[in-house]
Every structure is written in structure tokens, then in C-alpha cells.
Amino acid sequence: MYLLKAEVTFTDVERITGLHLLVDIYFDNANNTLNGRMVNIKNFARDLSDRTILVLLLIVFGIVLTLTIIRGVFIIDEDNYLVTVVGLQHGMLKMPGTENLTPSNELVYFDPEASRRSVQSTPVVSLAPPIYAFLALPFSYAGWRGLVLLNILSFLVAIYLVFRYVDLITHQRVTSWIACILFAIGGYCIEYAQGMWPEMLSVVLCMGTLILCLKGRQSGSIYTALAAGILVGIAVGVREQNIFFAGCAGLGLVLYGTKRMETSIAYAAGVVLMLAVIATLNLYRVGIWHPFPKVGGYASIVAANTVSTSVFEPLRVFWSKVVDYSSYGPDTDHIRSGFYQWDAESGTALLNGIVKKSWIQSSPWIGLALIAMVVSWFSPRKNSKIEAKEIRVLGLIVVPTVLMFVAAGFNRTDGLSFNQRYFLELVPLCAIALSLFIRQEQIGFLPMGMGTAIGIIAVVGILILPTQMMKHFGQRYMPMLLALGLLLVWYLWGNRRAFSIVLGACIGWAFFIHVESDLVGSRFRREINASRYEYLNKTIPNHSALFTFWGNKDAAGPIQLDKDVVILDVWADEGRDAKTLEEELLTRGRRIFILENDMPEKTLRSLVIDRRFREYSTGNLKLIEVFDGQIHDLAR
């Protein structure tokens, strides 16, 4: 808030607003001057108008996202979180329907590491962080759409929090809007907002933490700092990687808080409290009182990467994840290589035919944001002290988190995603940092709009090139050229119009390449799985079991929101326990179905031998029901 001139009276304020405003008035003992802490009515009205416009835009955006939801799984990670909600619907933290069955890897179909799990007891349990299920439970009663709606709402609230964060620091409307545009349009979050996995929920929890930390630093309130610690602890219970975010966010309170000791202790207490809650839930789930039951696996990856690689490996990993993903070369992992392809002509890594992107290849403007976080420590003259301090605070989170994933090595992969999903929580921080760094006087909305159109045209131009090699080559190198151009215009030229045009081009590229490439690719996969789900859900009745192989089980997961169906993946142990589990499930009166697609002949024969069966098919799906006794129809 700003100061009104001293001659403004209560009568003037009342006439303007129709309200009586409370004003704290005091005298300065040194010079006996009157100081007033008042509301600037004009700026208050402007802020209210901007926020109203933003909320209306978010409502429209949310309606579009909600109406275009596809009821289909993208990758197995969504099933991994889904089963935690299914369990909670049945009043348990484990997988219902698997009680007292022979412990087997086939029962953890939802686990991305199913073949490597050591399953010692039943019922089986997902190792996904446990807090998500409690947050998602109310939405789950609206089915798949309800769970996706949670992500959409999280995305919209995160956009609003980005606006508020900048507004709390600068009160400059242009700066706040730029941060919003960079995150909402220039980021790569839309694809995740339309999914079930909780990436956007994690983002909004981290943004809420930043807001509370900012207010805690400003006010010195231990209650605000405690709330920030609890909130980021909840974020850890949604995505385990947020423990690093929690530690780095606390550095801002330690270095810049008005009551550093008190607020830091309160923040740490909030984090520890939530870690204790998570550890207690894990004790019930897996028998280990630890907030991170997979910590051994993570540590082994880092240790192996440290021992077996050269001193230049961290630089290669950094360049690959941040600047040019394809620079690392082909992915040799025996599982991922089934999905990743290598275009030798353009030297480009592909995922299901779509160019796999580094951070900058998704959002070229992030390059300058990272530079800003470094420059803010050495050259604060370009910004006010407040803005420079906030950029440093953001950099204390972003830079160490990126380096942590670099230390984990290339094999700590984000799996089947077209972009860097492990950096999603950092995207709004980069948007805020860049908006504070460039200042509103450097931006013209008209030239930025022109630049956005240029960026979109650049994407279209590359996509209509005559050969796949040229298309892949352009998608690999054009965003790096845009990032370099933005940096050069900022450093060498400083022209307002030129900078706005190049920034707009970076935003236009980021938006259209994400929508046309990542979003289309993910929706295509979801549509395939949605059609499979519809058939399976229509065909398989309640109180059944479904045997599947490898990726074919992904589409079946959402059935468990509607029905009591046990899903098994015989790939996880090469069918070793399939026959035993079939016997046990039949004994319990469950109807047994086999999704024949890609099922190894040996395993299929073991499941149908000495049994009567009936075959069903639609499109490319082949389904078999096996049972004892007389053949019957699939009437529910």
C-alpha cells in the first residue's frame, strides 16, 4: 500500500469509498512530523479491478479445461496414485481385494517398478506418498473427472497465487500480469492440469508455501511460518521431491526474515510435524516409520551415478536437462528404450514420436530467469533492493533443486513425459523471478503480443517442413536460439520494443509447442486408453479379476473407482504366480478375465488349461473369461 497525501481527509475518503477506514496515526519524536499509514484508493481500485479480471479469465480457462477432460490414463504413475484413493474409499491405506492372496509382484500392477518390488505380504500397498489420497478423497466421489478437477483447480489457484506474490512485492500491475502470462501460457503445465497425477496439486501447495514464507518474512509471525512449514510438509506428502523444496524455502526465513530465529524454528517445526504424520502413515502401510520408504533406492541411484561416471558427467546431465535434452545421446535403459526413439539424422531424442524437451526447449524464457537468479547476487543495481532480495530467495530454491537432480544423474529420469516434469514446481518461481528482474518499464504489451504471434508462426513453420528430420531439428534448436536471443537483447541492446518482441516470441513458442506437441501427444495416449477403459468397464462386472501384461494394464486402473476388480500384471514376475493367484481368486468367487493383448503364450496357456473359457473382442482388444462350470453370459 502507498501513502496518500496528508491533505486527504476522512471526509474525502468517505466520499470516494463510502466507507470509514481505520488509519493508524502517530508522531515522529525526532521531527514532530505527522506520518500516516493509509490506503491508496486509486491503487486499491486498480488492484481490485485486475484481480477481478484475472478471476474471470481463470473461470473461463477452467471451464475449457474441465469440458475437455479425457477419462483415460496417460502413464502408470496415475494408477499408482489412483489406488491410494481407492484404498481410502474402502477405509484402508492398502489395496482392497488383495487381502490374504499369495504375495506376488503381479498384484502391484500400479507400481512403475513392479518387477523390482519385494512383495512380502498382502494386502499390497502403493509406495506413492500417502497425503494425496486424503486431499483427493472428496473429489474421487465424482470419479475420474473429479480427480482431474482437483488438478485443474490447483493450476488455476497457482496462477492466482503467482499474481498475488508479485503484487505483494511490487504493486506494479504490469509486473504481476507478466508473471501470470509466463507461468500460465509460457510454462508447460496445461498438459498436467488435465491429468490425474498430482503435479499441479504439488505446484499450488509449493506456491502457497512461498506466499506464507513471504508474509512470515515480512511480519515475523511464527504462526504464519508454522503454517508455511505444515503446508510444504503436505506438499512432501504429495510428491517426495518437495522435501528439497521445503529445505530451500526455509533458507529465505533464515537469511531475510524479520525474526529469523523464531520464524525459522516455527517453519521447521511445521515441516517436522508433517514428516512425522507421513512416517506414521507409512508405518501402517509398509511397516517402516520413515517419511521416505524409497530413500534407499534414491540413494543407490545417486551413489551409482557418483561412482561410475566421469567428472564431466554432471555438466552433461545439466546441459541435457536444462538446455538440450538430446545432447546426452540415446537412452540405453532396457525399459525406457521401448518408448524412447532416436532420430539419428537430426540427433534428436523422441518419445512416442514427439521431441523430448529440456527445460529451455519447453520454455525458452527460463534461461534468462536462471541468469537473473545468479545476477541478483552480484549486480543488484538493475533492481530495487526488495526485488533483488526476492529474486535471491527464489534462486535459493530453484538453483539447488536443479543441481540436486543433476547430481542424481541422467538415469533419475522423469520417465514417459515429453518435458521436464521434475521441474514443474520451479516454473512459477522462474516466472516470478523474471518478471521482477525485467521490471515493468521494459515491457510493452503490444510488441510482446507481436512477438507471441511470431513465436507461434515459428512453431507452425517448423511443423510444416517437408521431412521429419527437419521438423525434429527445428524443434531441437529453435528454442535454444530464442533463449540466446532474449539474453543478448537484454544484455547488449536494452531496447524496450526489441526485448518485448523477443520475450513474446519465447512465450508464443512455449505455448504453441506445448499445446501442439505435448498436450496433443498426451491426449492421444489418453484417448487410446479411454476407449480401452470404456470397453473393459462395460464388459467386466463387479467382483472380478483381470490378468494383463505390461502396458496393457494402464487403461484398466480407473475401473477400480467404480467396481471391486483386482488387476494383475503377469509381466512383473514373468507369470510365475499367475496360476496360483487365479486359483485363489476363483475360490473367492471372483470372475476371471484375461486381457490377451501381448500376453505371452506360455502364461496364457497356464491360465486357461483345464478350464472352460469364452472369448470377447472389440477393435484390437481381446478379452477371455475363464471359469469353472457351465458357460454363462456376462450379465451383471
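General remarks:
- For F61, solvent-accessible area (1.4 Å; no DNA, RNA or ligand), Å²: 60
- Once the Cα gyration tensor of the stretch 148-202 is diagonalised, semi-axes √(5λ) in Å: 23, 11, 6
- Each other residue within a Cβ distance under 10 Å of R590 adds +1 if Lys or Arg and -1 if Asp or Glu, for a net charge of -1.
- Sorting the Cα pairs of the chain by distance into bins of 20 Å, from 0 upward, gives 17, 48, 27, 7, 1, 0 percent per bin.
- Annotation: amide H of T348 within the under-5 Å range of D343, sequence separation 5 or more or interchain, hydrogens built in the peptide plane.
- Cα gyration tensor category, rounded, prolate or oblate, for the stretch 337-490 with a/c compared to 1.5: oblate
- Our helix-only sum for the chain, with -39,500 (n - 2.57) per DSSP H run of n ≥ 4 divided by its residues, gives a mean residue ellipticity at 222 nm of -18000 deg cm²/dmol.
- Over the stretch 176-247: Kirkwood hydrodynamic radius from C-alpha pairwise inverse distances, Å: 13.2
- Taking 1.306 mPa s as the viscosity and 10 °C as the temperature, the Stokes-Einstein diffusion coefficient of the stretch 67-109 based on its alpha-carbon Kirkwood radius rounds to 132 µm²/s.
- Residue ranking by accessible heavy-atom surface, 1.4 Å probe, largest first, among R116, R591 comes out as R116, R591.
- In a reduced charge model with +1 at each Lys and Arg Cβ and -1 at each Asp and Glu Cβ, the chain shows a dipole moment near 1360 debye about its Cα centre.
- Rounded to whole Å, the principal axis extents of the Cα atoms in the stretch 489-562 read 68, 20, 17, largest first.
- Long-range Cα-Cα pairs in the stretch 359-421 (distance over 17 Å), rounded percent: 51
- Distance between the stretch 323-362 and the stretch 551-600 - C-alpha centres, whole angstrom: 33
- The simple spin-label model puts a point 7 Å past each Cα toward its Cβ; for E527 and L251 those points are separated by 4.5 nm.
- Estimated D of the stretch 85-193 in µm² per second, where Rh is the Kirkwood radius over Cα pairs and Stokes-Einstein applies at 37 °C, 0.692 mPa s: 194
- Here the accessible area is traced with a 1.4 Å probe on the protein chains. For the chain, carbon and sulfur cover 64 percent of it.
- Per residue value of the accessible surface for the chain (all protein chains in place, 1.4 Å probe), Å²: 43
- The convex hull defined by the C-alpha atoms of the stretch 498-636 has an orientation-averaged projected area of 10.9 nm².
- Integer Hz, Karplus 6.51/-1.76/1.60 couplings in order for the stretch 254-267, x for Gly and Pro: 5, 8, 10, x, 6, 10, 4, 4, 5, 5, 5, 5, 5, 4
- Relative contact order, percent, the stretch 396-499 [alpha-carbon distance under 8 Å, six or more residues apart]: 26
- Its relative contact order, with pairs defined as Cα atoms under 8 Å and 6+ residues apart, puts the chain at 15 percent.
The values are calculated or read from the model by the stated rules, or taken from the named source; none is laboratory data. This is a predicted model, so every value here is computed, not measured. Cβ: placed from backbone, ideal geometry, glycine included. Neighbour counts: every protein chain shown. Protein only, heavy atoms only, side chains kept; ligands, DNA and RNA dropped before computing areas. Shrake-Rupley method; radii C 1.70, N 1.55, O 1.52, S 1.80 Å.
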